[in-house]
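Derivation of every value follows stated rules applied to the coordinates shown; laboratory data play no part. Keep in mind that this is a model prediction, so the values were computed, not measured. Cβ atoms come from the backbone with ideal geometry, glycine included; neighbour counts cover every protein chain shown.
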């Protein structure tokens, strides 16, 4: 999701954006933090052979992401290239599988449907693996994070926990696990329900907080930490507390009709985990706390 700035670039969902996955190795994270490389990924013929013939013939995987969630996926300073943890992982997955990964900016709520219908091959977008989501596809789990409460710098409303949001306006991105978390929190609100306003992107939700039209935004922990530490946004936002609510696994979303692709992606991520490339990418973007010890399938079940 977009790195916060005075101007937010909108890109039509159908446009495919050629990202760092198509660039030479040295450019994989060139618009982000230090991009010093670890051991280079090695092409794996057996994993390549697991890919559907259509993908092998095409030479690239169509990947959807909602590029407004730095540091996981966001537009770089030039406004055209998608950068972050997930694009960097995509570079390495592509090298191992012998195909390129092309990331396109897609509304978060449309990602699973586009993959299930065959319009996209994968969705890699800080997507939490939940039993409900896994009914429409499979998740290859590669990261873990919970939810944090983001408030205005100075925390004028004195928010420290979820129950403090009762009776107040909260902005959140549509289709996220944060919407469900707020709905469950409503059960503990007595006579003062949380007023939950949803928006197409996380950037839209943050505008509401920044302008005082919402008292808080719920974000996954890595993007929340990024906001409160980035030089461009740290004067505007802070965390209400250090708590992470309901930590869960992120997963690469794959259609159930593509078991070979699912196994190939899992194998590529396992190779990255063994080689140190996975840890190198997480370190580069300062999200090592979310590292997993093994690459699993549908671990929320």
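Could you order peptides 268-276, 242-250, 286-294 by the average number of other Cβ atoms within 10 Å of their residues, highest first?
For the peptides 268-276, 242-250, 286-294, the packing ranking is 268-276, 242-250, 286-294.
Which percent, nearest 5, of DSSP beta bridges in the chain are antiparallel?
60 percent
Using only C-alpha atoms and all pairs of different ones, pull out the Kirkwood radius for region 254-301 in Å with one decimal.
Result for region 254-301, one decimal place: 11.9 Å.
Using the Kirkwood radius over C-alpha pairs as Rh, can you work out the diffusion coefficient of region 202-272 via Stokes-Einstein at 4 °C, viscosity 1.567 mPa s, in µm² per second?
Here the translational diffusion coefficient equals 86 µm²/s.
Among 212-224, 182-194, how do they line up by average Cβ neighbours within 10 Å per residue, starting with the highest?
Top of the packing list down: 212-224, 182-194.
In percent, what relative contact order does the chain have, based on Cα pairs under 8 Å that are 6 or more apart in sequence?
26 percent
Quick one: Kirkwood hydrodynamic radius for region 70-212, alpha-carbon pairs, angstrom, one decimal?
Averaging 1/r across every pair of different Cα atoms and inverting gives 17.3 Å.
Could you work out the mean projected area of the convex hull around the alpha carbons of the chain, in square nanometres to one decimal?
Hull-based average projected area comes out at 14.4 nm².
At a 10 Å Cβ-Cβ cut-off, how would you order 89, 282, fewest neighbours first?
282, 89
Report, in whole Å, the centroid distance computed from the Cα atoms of region 142-190 and region 57-129.
Spelled out, the Cα-based centre of one part sits 27 Å from the other.
First measure r as the distance between the Cβ atoms of residue 169 and residue 46, then evaluate 1/(1 + (r/R0)^6) with R0 = 51 Å and state the FRET efficiency to the nearest 0.05.
My answer for the efficiency is 0.45.
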